[in-house]
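One structure below.
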Amino acid sequence: MSIKPGILLFILSYFAYPATAQLSILPIFDGRPIAENTWYVSTKGDSVQFDNIRFYLSNIQFEMDDNTWIKDTVSAHLIDVFEPASLHIITQKIDLKRLKTIHFNLGIDSLINVSGALGGDLDPQKGMYWAWQSGYINLKIEGRSPLPLRIFYPHHLCF
Amino acid sequence: MPLVIPKGWPKPVYDFSKNPLTKEGFELGRQLFYDPILSRDSTISCASCHLQATGFTHVDHDLSHGIDDKVGTRNSMTIMNLAWSKNFMWDGAVNHLDMQPLAPLSSSVEMDEKLARVIQKLNNAKKYKALFFSAFNDSLATGQKMLLAFSQFTLHLNSSNSKYDKYIREEAGGTFTDQEKNGLQLFRKHCASCHPEPLFTNQNFEKNGLPIDPTLNDLGRFTITRMPVDSFKFKVPTLRNIQFTFPYMHDGRFKKLREVLNHYTETDELKAQIVLSSNEKADLIAFLLTLTDNDFLFDKRFGFPKD
């Protein structure tokens, strides 16, 4: 059972608020929003169900129309697909009319990976850190499939 | 309580600006180091395998054992002068001192516990509420704070007051015998390329010609880098306090220093063959014994915290 890369999509959108920008993430699989206890069919024809999908969005930067870049004040956000609150990132004040592009990393970059003990979403107690070999888990997908065996499959990725 | 950098030593690798050392942080780290609460069934503490009197390693055990008497695959490393260490573990799996405690904590043959559960246990313990508050002005334990406190403690475990150090500094108690002087000369000629003074490690990973133990099949640094050139390479350990850190090598296969020297003169896998007479080996060992630092091994500040 393997999940074909690319079938898990993220939609980024933003809404205007008086003071801040909100980045919303809508995780979808094969065109359908991802929900718990729901069966999906992969491109290979396997049935899959997701128990846990977590990943980091880091180094969010807003490129403005005058080519200035505004950096998110938080270096990394832990997104938990089944924790609705984590799907909305509130950033600092942005003039949305002047916004050209949003840049971000999926996962944690090499600098943060060698920076020692960090807090907030980067606290290793969040379960997104490899203990046996230093480094963050960038993306974690765990779930189950009835075929060919009733198996539990964890996919933990780093780059 | 800033760290005192011994005269003539290089600049530490650890970035103290991100974790300024305090007496309270040190004390919290010390309590954690000696507390079996870190393990799944509260039987194993860091000190189970890292005993102060033997340079913070597991004396007499070739392979260290942890929870449920499970046996690991390597000899526990010493803990000293870690502010100068660029990487950690025999294979360099850990890239920062702060993150080092996570490995034994979660290893199924060491403490077999989850970090989130440890934090939960610490937050339920009255003792730790007070300790975290005094160290961080906030009683809530987090993974970050626990790891920073561990570093506060281990960063203080520094050995720089051996007879050798006094000899170099020309201080009282630092008079070398002729045998020790000859041993130092032999050391500088044959050993110092991998074990340079003053840290007695070049911090690299080296292949030292040990035949592989087929029951362990430990490929060392290769396990981490997956590069064939790193096969059978292990971190060069410091030699400080070597008198008490036996058994030696990554798998603890040698009990005596004489066996270690015999290996190095017998192997033909080194870049340059080491030739030493039996008397020269005795002199070299006499020198290695001058690396014993009793001030460090018996410093009460580093011992079990008695209430």
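At-a-glance table
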| quantity | calculated |
| --- | --- |
| Residue within region A:38-47 that is within 14 Å of chain B (Cβ to nearest Cβ), outside any strand (DSSP E or B) and either surrounded by 15 or more Cβ atoms within 10 Å (Cβ to Cβ) or of a type in the set (Gly, Ala, Ser) (or both) present | no |
| Single residue of region A:130-146 satisfying the filter (among the hydroxyl-bearing types (Ser, Thr, Tyr) and more than 7 Å from chain B (Cβ to nearest Cβ)) that is farthest from B:His96 (Cα to Cα) | A:Ser145 |
| Residue match in region A:16-30 (condition: in a strand (DSSP E or B) and at pLDDT below 80) | yes |
| Qualifying positions in region B:15-55 - of a type in the set (Phe, Trp, Tyr) and either closer than 13 Å to B:Leu147 by Cα or modelled with pLDDT under 95 (or both) | B:Phe26, B:Phe33 |
| Single condition A:Phe50 does not satisfy, out of (1) within 29 Å of A:Asp123 (Cα to Cα); (2) in contact with a Lys or Arg (Cβ under 8 Å, 6 or more places away or on another chain) | (2) |
| Pairs, first within 16 Å of B:Asn161 (Cα to Cα) in region B:234-255, second modelled with pLDDT under 95 and surrounded by 23 or more Cβ atoms within 10 Å (Cβ to Cβ), C-beta under 6 Å, six or more apart | B:Asn241/B:Gly55; B:Phe244/B:Gly55 |
| Selection within region B:1-20 - away from every other protein chain (no Cβ under 14 Å) and surrounded by 14 or more Cβ atoms within 10 Å (Cβ to Cβ) | B:Ile5, B:Pro6, B:Trp9 |
| Conditions (1) in a loop (DSSP other than H, G, I, E, B); (2) aliphatic (A, V, I, L, M); (3) surrounded by fewer than 19 Cβ atoms within 10 Å (Cβ to Cβ): number failed by B:Ala53 | (1) |
| Candidate set from region A:116-143 (those that are in contact with an Asp or Glu (Cβ under 7 Å, 6 or more places away or on another chain) and outside any strand (DSSP E or B)); member that is nearest to A:Thr38 (Cα to Cα) | A:Ala117 |
| Every residue from region B:79-91 that is of a type in the set (A, V, I, L, M) and within 13 Å of chain A (Cβ to nearest Cβ) | B:Leu82, B:Ala83, B:Met89 |
| Selection count where residues are without any contact (Cβ under 8 Å) to a residue 24 or more places away in the chain and not in a loop (DSSP other than H, G, I, E, B), scope region A:84-115 | 7 |
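Every residue, every condition in (1) under 19 Å from B:Thr245 (Cα atoms); (2) crowded, with 19+ Cβ neighbours inside 10 Å; (3) within 12 Å of another protein chain (Cβ to nearest Cβ), yes or no:
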| position | (1), (2), (3) |
| --- | --- |
| B:Arg30 | no, yes, no |
| B:Ser48 | yes, yes, no |
| B:Met77 | yes, yes, no |
| B:Ala93 | no, yes, yes |
| B:Leu97 | no, yes, yes |
| B:Pro101 | no, yes, yes |
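The values are calculated or read from the model by the stated rules, or taken from the named source; none is laboratory data. The structure displayed is predicted, hence computed values, not measured ones. Neighbour counts are summed over all protein chains in view; Cβ atoms, including those assigned to glycine, are modelled from backbone coordinates with ideal geometry.
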